[in-house]
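Notes follow the structure.
A short reminder: the numbers here are calculations on the coordinates, not readings from a lab. Source: prediction; values computed, not measured. Cβ sites come from the backbone with ideal geometry, for glycine too, and all protein chains shown count toward neighbours.
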Amino acid sequence: MRNIITYMYIFLVLVFGILLVPQRTYWGQENSRTIDSVAFAPIWKQLAPGDINGFNRIYYIDMPRLIVIIIVLTIIYVVLITQIYSNKSK
């Protein structure tokens with residue numbers, strides 16, 4: 001059971017660390033950039049070229065949001081593993 005939960009944790013961290021990365025897309029002049037979109041996208045989409053009204057899109061990974069997601073997943077994992085070990089000791 002512990003191995004299954006560990007594999008699920010690793011899988012979810014990989015999914016949210018590579019396949020569903022929170023990103024923000026900006027465009028516009030340097031002093032007045034506008035948010036175009038906020039979405040979960042694969043990490044390789046960060047390299048996708050594009051322009052809006054002649055301005056290049058700028059992609060930023062939303063690091064605080066990504067860190068919060070990984071911390072929440074880690075807390076859930078630790079609680080589940082702790083519950084499994086406490087049930088085995090009884």
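Brief remarks follow.
- Cα-based equivalent ellipsoid, the chain: semi-axes from gyration tensor eigenvalues, Å: 40, 12, 6
- Signed unit charges on C-beta, dipole axis of the chain, positive-most listed residue Ser37, Ile52, Met8: Met8
- A Förster radius of 25 Å, combined with the Cβ-Cβ distance separating Thr82 from Lys45, puts the computed FRET efficiency at roughly 0.10.
- If you bin all the Cα-Cα distances of the stretch 30-70 at 5 Å, starting from zero, the percentages per bin are 5, 17, 28, 25, 15, 8, 3, 0.
- Computed E for Arg57/Leu14 - FRET, C-beta separation, R0 25 angstrom, nearest 0.05: 0.45
- Treating r as the C-beta distance of Ile70 and Arg33 and R0 as 30 Å, the FRET efficiency rounds to 0.65.
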